[in-house]
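Asks: The structure that follows is given in the form of structure tokens.
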Amino acid sequence: MGNIVVGQSGGPTAVINSSVAGVYEAAKAAGVNKVYGMVFGIQGFLEEKILDLDEYLSTQDGIELLMRTPSAFLGSCRFKMPKPEDGTQVYERIFEVMEKNDIDALFYIGGNDSMDTVKMLSDYAAAHGKKQRFVGVPKTVDNDLPVTDHCPGFGSAAKYIATSLKELIRDNAVYGDYRTAVLIVEIMGRHAGWLAAAAALAKDETCEGVDAIYLPEIVFDVDAFVDKVDALTKEKKTIVIAVSEGIKVADGRFVCELTGAGGAKDAFGHTQLSGCGVFLAQLLSSKLGVKARAVELSTLQRAATHIASLTDIEEARMAGKAAVNAALSGETGVMVTLNRVSDNPYKCETAVHDIHSIANVERNVPFNWVGEDGCSMTEEFEAYARPLIMGELVPIYENGTPKHLVRK
Ligand code: F6P
């Protein structure tokens, strides 16, 4: 095979760079000459913004630092591929840049929207007799890609959420029974509640856990929520509630839209979701007269590489390697999947799956993993998620903070 290129797309995760490391390592081990990185995903690639990863990763130190670096080292994009009939020049340009740089395979690390890019490009190649291969590497904190057991990036965000909630629950209880305190923690995840569900992992021998978890999969009833908190305040003084940024009321509006503020939309038409926690905290203060505050974990939960899960890091790297091996054995138009082969001990293997049944499909939290009250998680969820947050990779500290690898 000639040269290859790897790109990162969509919202970053704490381990998206470990997949770049995996792609690089497997390609070099197979004797690939140049491993290019596309800067700012396919959008940058259209302007031939590429770099030679040898510049950064040819030593083990580079790889070690990359795996401890948050965000997308190469930069990312939210670029929607046009239909071939509406944007021939986009496709021609991508293949032109590939041919000019002798690139035979393109690896795209991303979520649902990014897998659409892999699908469009591999379909175009097939329809036009092009030899280049296109392989997707799963990534998303939202954990909503279908077919794969879970997505690299989810475990680390879940670990951050569980850890932060343990800390926030302690903080919220600081005045004991002398003051009622309600804390609403807003968690990412758009239409799927996997990350909000991870709040359940805060509960252990030293932490009583959260009092309720609200997922986007379950219609949110504002009045029932206020009644629930009212009832809780009669039983206890400190209350912590996890809510997904994507919770919706019965008429389909996001709770964050009830404030009247309309969020900006991205190229895929996704509304920016933010503010349901503040809205609910203010509502509780005014309706119940309690002290209520909101914390929005926002990008902290996907940027927190200092507390990434080692399991997640290793699987992200493994997925990158599997993608290269798949392309080397002739695969194209596929995404790498993680298949859980055992729970105890936890073990996962990689496989590949046709991109057509993956792109643009979102996988939700199964209803049978939600408690009967509609706002708690079952033991099955914990058995699924707990192994994914296990293990740590200690940062390399410099001047008191973790050191990162940054593009020149
Ligand atoms: O990529 C997933 C995600 O992190 C969602 O959980 C969140 O709603 C969205 O991205 C935010 O995207 P952006 O970085 O475009 O604001």
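The values are calculated or read from the model by the stated rules, or taken from the named source; none is laboratory data. What you see is a predicted model; the values in this text were computed from it and never measured. Reconstructed Cβ throughout: ideal geometry from the backbone, glycine too, with neighbour counts over all protein chains shown. What goes into the accessible areas is simple: the full protein's heavy atoms, side chains included, and nothing from ligands, DNA or RNA. Shrake-Rupley method; radii C 1.70, N 1.55, O 1.52, S 1.80 Å.
Asks: Report the relative contact order of region 154-303, percent, no decimals, based on alpha-carbon pairs under 8 angstrom and at least 6 residues apart.
Replies: Value for region 154-303: 31 percent.
Asks: Under a point-charge model restricted to the Cβ atoms of Lys and Arg (+1) and Asp and Glu (-1), what is the dipole moment magnitude of the chain relative to its Cα centre, in debye to the nearest 20? Write down the numbers at each step before the final one.
Replies: Values: 40 positive and 55 negative charges, 143 e Å.
For the chain, the charge dipole is close to 680 debye.
Asks: Based on alpha-carbon atoms only, what is the radius of gyration of region 1-122 relative to the globular estimate 2.2 N^0.38 Å? Working shown, then result.
Replies: Working: Rg = 13.9 Å, N = 122, 2.2 N^0.38 = 13.7 Å.
Against the empirical 2.2 N^0.38 Å value, I get 1.02 for region 1-122.
Asks: Picking from Thr233, Val249, Val336, whose Cα lies most toward the positive end of the charge dipole for region 222-350 (charges on Cβ: Lys, Arg +1; Asp, Glu -1)?
Replies: Thr233
Asks: Roughly speaking, to the nearest percent, how much of the chain's 1.4 Å accessible area is carbon and sulfur? Please list the in-between numbers first.
Replies: Values: 8240 of 16750 Å².
With neighbouring chains kept in place, the figure for the chain is 49 percent.
Asks: Which values, in whole Å and largest first, are the semi-axes of the equivalent ellipsoid of the chain obtained as the square root of 5 times each eigenvalue of the Cα gyration tensor?
Replies: Details: eigenvalues 315, 102, 67 Å².
That gives 40, 23, 18 Å for the three semi-axes.
Asks: May I pose another question? Counting only residues 5 or more places away or on other chains, whose amide H sits under 5 Å from the amide H of Val185 once H atoms are built in the peptide plane?
Replies: Sorted by chain and number, the residues that satisfy this are Ile241, Ala242, Val243, Val295.
Asks: Let me ask something else. Can you work out ³J(HN,Hα) from phi for every residue in region 30-46, in order, using Karplus 6.51 cos²θ - 1.76 cosθ + 1.60 and θ = phi - 60°, giving whole Hz and x for Gly and Pro?
Replies: Karplus values, whole Hz, x for Gly and Pro: 8, x, 5, 6, 10, 10, 8, x, 8, 8, 6, x, 5, 5, x, 4, 4.
Asks: Excluding ligands and nucleic acids, what accessible area in Å² is computed for Arg133 using a 1.4 Å probe, to the nearest 10?
Replies: About 70 Å², ignoring ligands and nucleic acids.
Asks: Could you pull out every Cys in the chain that lacks a partner Cys with its beta carbon under 4.7 Å away?
Replies: Cys77, Cys151, Cys207, Cys348, Cys375
Asks: Mind grabbing the accessible area of Ser274 for me, 1.4 Å probe, Å², rounded to tens?
Replies: 50 Å²
Asks: If I take R0 = 25 Å and measure r between the Cβ atoms of Val249 and Arg293 in this structure, what FRET efficiency does the formula 1/(1 + (r/R0)^6) give, to the nearest 0.05? Provide the component values of the computation, followed by the final result.
Replies: On the way: r = 22 Å, r/R0 = 0.89.
Once the sixth-power term is evaluated, E becomes 0.65.
Asks: Can you tell me the 0 to 90 degree angle between the C-alpha axis of helix 154-172 and the longest principal axis of the chain, rounded to 10?
Replies: Its long axis makes an angle of about 20 degrees.
Asks: To continue, here is another question. Round to the nearest 10 and give me the degree value, 0 to 90, for the angle of helix 310-328's Cα axis relative to the longest principal axis of the chain.
Replies: Helix 310-328 sits at roughly 30 degrees to that axis.
Asks: Can you tell me the relative contact order of the chain? Whole percent, Cα pairs under 8 Å, sequence separation 6 or more. It would help to have the intermediate numbers written out before the result.
Replies: Numbers: 906 pairs, mean separation 93.7, N = 408.
Taking the mean separation of contacting Cα pairs over the length of the chain, I get 23 percent.
Asks: With both partners inside the chain, how many of the DSSP beta bridges are antiparallel, as a percent to the nearest 5?
Replies: If we restrict to bridges inside the chain, about 35 percent are antiparallel.
Asks: Moving to a separate point now. How large is the accessible surface per residue of the chain, computed with a 1.4 Å probe and reported in Å² as a whole number? Write out the running numbers ahead of the final one.
Replies: Working: 16750 Å² over 408 residues.
On a per-residue basis, 41 Å².
Asks: Here's a follow-up. Mind giving me the FRET efficiency for Ala264 and Asn360? R0 is 25 Å, r the Cβ-Cβ distance, nearest 0.05 is fine. If you can, show how the numbers build up before the last one.
Replies: Numbers: r = 21 Å, r/R0 = 0.85.
That pair, Ala264 with Asn360, gives E of 0.75.
Asks: For region 222-311, what relative contact order do you get, as a whole percent, if you take Cα pairs closer than 8 Å and at least 6 residues apart?
Replies: Once divided by the residue count of region 222-311, the mean separation gives 19 percent.
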